[in-house]
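All remarks here apply to the structure that follows.
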Amino acid sequence: MAPVRLSALEPLLWGACAVVLAVLPFALSTFQVVQITVFLIFCLLAVSLDLSWGLAGLLSFGQAAFFGLGGYAYAILCANDETPGAALAAGIVAGGVAAGLLGYIAFYGRLSAMFLAVTTLVVTLILLQVLGSTADPSYHIGAAVLGGYNGMTNIPSLLPEPTPFFWTVGGLLFLLIVSGRLLMAAPFGRVLAAIRENERRVELLGYDARWHKLAIFALSGAIAGLAGALFASWGGFINPEVFSLAQSAQVVIWVLVGGRGSLYGAAIGAFLVQAMTQYLGSIGTAYTTLVLGALLVSFVLVMPNGLLPTFLRGLSSIGIRQR
Amino acid sequence: MEYLIVTLIGVVFAIASLVLLALGLAIIYGMMGVINLAQGEFIMLGAYTVVLSSAHGLQLWVGMAMAPVVVGVVGLVVERCIIRFLYGRLLDTMLATWGLSLGLIAAVTLILGPSTEGVATPFGHVAIGGYAVSAYNLFVIAATGFLVALTWGVFNRTRFGLIARGAMQNADMVAALGIHPPTIYMMTFALGSALAGLAGAIMAPLTGVVPSLGLAFVAKVFITVTVGGAAIFSGTLGAGTLLGAIESAVSFISTPIYGQVAMLGCALVVLRFAPQGISGLWRRSG
């Protein structure tokens with residue numbers, strides 16, 4: 001893969017997206033606005049994984065764990081009468097610190113990519129069991145009762161009105177994608193892309209690969225934590241289900257289906273797969289899981305690059321130039 | 001004294017069940033460097049084989065004998081349809097087996113229903129002084145010992161084992177000697193799956209059998225295999241002993257959940273200092 005260069009058309013695309021996000025709430029019913037807000041939160045989560053997996057080649061199976069920790073941090077601080085703004089910041093910190101700790105062990109211990117995947121998955125599964133075992137009211141942090149598998153409810157929202165909340169989430173996603181694209185084209189992003197392609201060569205050139213990987217992994221975890229806090233705020237509840245195997249797999253499926261490395265692909269994948277899940281969910285959860293599993297297997301086998309890169313390559317092969 | 005013996009049996013049982021569940025994955029990982037994320041679901045399929053055969057009036061032992069065959073065949077099909085296209089792409093293999101894991105859970109839920117099935121634990125209890133120990137736990141310990149010895153024998157005393165270990169060290173050299181490494185991979189994968197099925201069958205009388213049964217075990221199994229490292233037998237036994245002892249000790253003073261957390265914490269510390277797993281430590285010196 002060539003290093004990312006921003007095309008001259010890209011700011012135009014950003015402008016168009018900004019306009020669409022700004023006017024969309026006026027064209028939709030309140031229900032649809034609320035619905036699309038949660039899709040955008042999932043897009044944030046997908047883009048956070050793409051920053052570590054697509055850019056630096058660090059596949060975390062535990063992105064859902066950072067998301068969940070962010071959500072729980074938000075819920076716990078809100079229950080202890082902190083302002084939603086402070087709770088949101090706590091969500092970001094929780095995701096970032098968890099990812100930083102795991103990343104420190106993985107990168108400074110020089111674990112292989114596969115160990116990173118297994119370790120993050122195991123941490124997620126154990127968080128599921130730990131938080132699931134907190135049903136007894138004696139498990140509480142300050143005034144926040146964790147509630148076992150029922151989770152925490154009545155979490156206050158960041159912004160009670162749907163439309164401002166939509167704009168906040170949409171604005172954050174917009175900011176994330178734009179700054180993420182700029183980061184990819186900046187020297188730091190170039191080093192990460194080089195680490196993905198050949199880590200040893202990067203180290204021979206004098207860069208500290210461990211530090212770079214740790215930085216992007218913690219950043220990715222922090223964004224996942226932000227998404228989790230927004231999710232808890234959106235629905236007013238959080239339960240250990242966010243740490244389940246299906247949820248962790250879903251994040252990976254979004255990015256895999258949409259296509260890695262461009263950030264746009266991840267967001268598109270999250271949107272498409274989530275819309276499909278929503279539809280299938282009305283039939284039965286087992287069908288959703290079955291289809292998600294089949295999707296994962298078939299994309300790995302048939303279209304490992306995902307939809308967007310394959311589509312763009314198709315365009316260029318029929319003679320339409322793209323950069 | 002009696003109390004000490006009973007506690008000791010508890011610890012040995014924890015270690016044995018860990019080794020039993022991890023053995024199949026350890027073989028697949030040691031052989032191909034791949035973590036099969038659907039291993040938990042292979043364990044679940046083994047347990048369901050026992051449940052279904054008992055429900056059809058067959059003896060428990062018949063079901064236990066059928067489980068490795070059934071799951072071995074499933075493993076063979078999976079290898080032929082999915083894994084063989086992905087050799088050399090470790091992360092892709094993990095992703096595909098993860099999809100398989102989700103698919104198997106959903107398929108079993110749709111076909112057999114989400115309710116908990118069970119089979120009665122055979123053998124009753126053995127009295128040690130004033131304490132009663134489930135005789136089936138002793139059977140699990142014995143069966144684990146037997147299976148580890150058997151697999152060790154297969155890998156170290158047979159022609160297949162020799163070729164398999166050769167392919168593990170240098171597949172190109174094995175190919176140059178006229179043996180087709182993909183065939184060896186296929187057989188090893190099926191063997192690892194069959195062992196997972198058998199482990200599930202043996203554990204079935206001790207747990208309720210649900211489609212998500214694998215999830216209860218996989219975290220432990222993955223930790224054991226990664227901490228064990230690439231050496232199949234010494235690594236799995238070493239990691240199983242270390243982690244099983246920690247888990248049962250912590251479970252004993254608090255709850256099983258914290259036992260697992262302690263196990264994970266210990267595994268992370270070990271991996272930080274021995275990224276190749278504990279068998280990497282003695283490999284380097286030896």
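Going by the conditions given, is A:Ala135 part of a loop (DSSP other than H, G, I, E, B) and either more than 8 Å from chain B (Cβ to nearest Cβ) or touching a strand residue (DSSP E or B) at 6+ places or on another chain (Cβ under 9 Å) (or both)?
yes
Can you name the residue in region B:38-72 that is open to solvent by 10 Å² or more (accessible area, probe 1.4 Å) and outside any helix (DSSP H, G or I) and, of all such residues, is farthest from B:Thr121 (Cα to Cα)? Among those that are open to solvent by 10 Å² or more (accessible area, probe 1.4 Å) and outside any helix (DSSP H, G or I), it is B:His56.
The single condition among (1) out of contact with any Leu (no Cβ under 8 Å at 6 or more places or on another chain); (2) surrounded by 20 or more Cβ atoms within 10 Å (Cβ to Cβ) that A:Gly170 does not meet is (1). Flag: B:Leu147 does not match the condition of being out of contact with any Lys or Arg (no Cβ under 6 Å at 6 or more places or on another chain) and within 26 Å of B:Ile82 (Cα to Cα).
Only helices (runs of 4 or more DSSP H) whose full extent lies in region B:108-178 are considered here, and the ones with at least 1 residues that are surrounded by fewer than 14 Cβ atoms within 10 Å (Cβ to Cβ) and acidic (Asp, Glu) are B:171-176. Counting residues in region A:264-276 that are within 13 Å of chain B (Cβ to nearest Cβ) and out of contact with any helix residue (DSSP H, G or I) (no Cβ under 6 Å at 6 or more places or on another chain) gives zero.
Which residue is farthest from A:Leu290 (Cα to Cα), if the candidates are limited to region B:196-216 and must be open to solvent by less than 20 Å² (accessible area, probe 1.4 Å) and facing chain A (nearest Cβ under 10 Å)?
Per the criteria, the residue is B:Gly214.
Go through region B:91-107 residue by residue and tally those that are crowded, with 22+ Cβ neighbours inside 10 Å and under 15 Å from B:Val34 (Cβ atoms). Within region B:91-107, residues that are crowded, with 22+ Cβ neighbours inside 10 Å and under 15 Å from B:Val34 (Cβ atoms) number 9. Looking across region B:80-90, the residues that are surrounded by 19 or more Cβ atoms within 10 Å (Cβ to Cβ) and in a helix (DSSP H, G or I) come down to B:Ile83, B:Leu86.
A single entry from A:Ala89, A:Ala79 fulfils the requirement of being of a type in the set (Gly, Ala, Ser), out of contact with any helix residue (DSSP H, G or I) (no Cβ under 6 Å at 6 or more places or on another chain) and modelled with pLDDT under 90: A:Ala79.
Looking only at region A:224-262, residues that are of a type in the set (S, T, N, Q) and under 12 Å from the mean Cα position of the chain (by Cα) come to 3 in all.
Any residue at all in region A:102-115 that is in a helix (DSSP H, G or I), farther than 22 Å from A:Trp53 by Cβ and at the interface with another protein chain (Cβ under 9 Å from one of its Cβ atoms)?
no
Return the residues of region A:147-181 that are more than 16 Å from A:Gly235 (Cα to Cα), under 18 Å from the mean Cα position of the chain (by Cα) and touching a residue at least 40 places away in the same chain (Cβ under 8 Å); say none if nothing qualifies. Listed by number, the residues that qualify are A:Gly170, A:Gly171, A:Leu172, A:Leu173, A:Phe174, A:Leu176, A:Ile177, A:Val178, A:Gly180, A:Arg181. Under 21 Å from B:Gly280 (Cα atoms) and within 13 Å of chain B (Cβ to nearest Cβ): does that describe A:Val123? No: the conditions fail for A:Val123. Within region B:195-203, does at least one residue satisfy the condition of being free of Cβ contacts under 8 Å to residues at least 60 places away in the same chain and out of contact with any strand residue (DSSP E or B) (no Cβ under 7 Å at 6 or more places or on another chain)? Checked against the condition, which is being free of Cβ contacts under 8 Å to residues at least 60 places away in the same chain and out of contact with any strand residue (DSSP E or B) (no Cβ under 7 Å at 6 or more places or on another chain), region B:195-203 yields no hits at all. When A:Leu280, A:Leu290, A:Leu295 are screened for being open to solvent by 20 Å² or more (accessible area, probe 1.4 Å), within 14 Å of chain B (Cβ to nearest Cβ) and in contact with a Phe, Trp or Tyr (Cβ under 7 Å, 6 or more places away or on another chain), only A:Leu280 passes.
The values are calculated or read from the model by the stated rules, or taken from the named source; none is laboratory data. As the structure is a prediction and not an experimental result, all values here were calculated from the model. Heads up, the Cβs are rebuilt from the backbone with ideal geometry, glycines too, and the neighbour counts pull from every protein chain shown. For accessibility, only protein heavy atoms count, side chains too; no ligands or nucleic acids. Shrake-Rupley method; radii C 1.70, N 1.55, O 1.52, S 1.80 Å.
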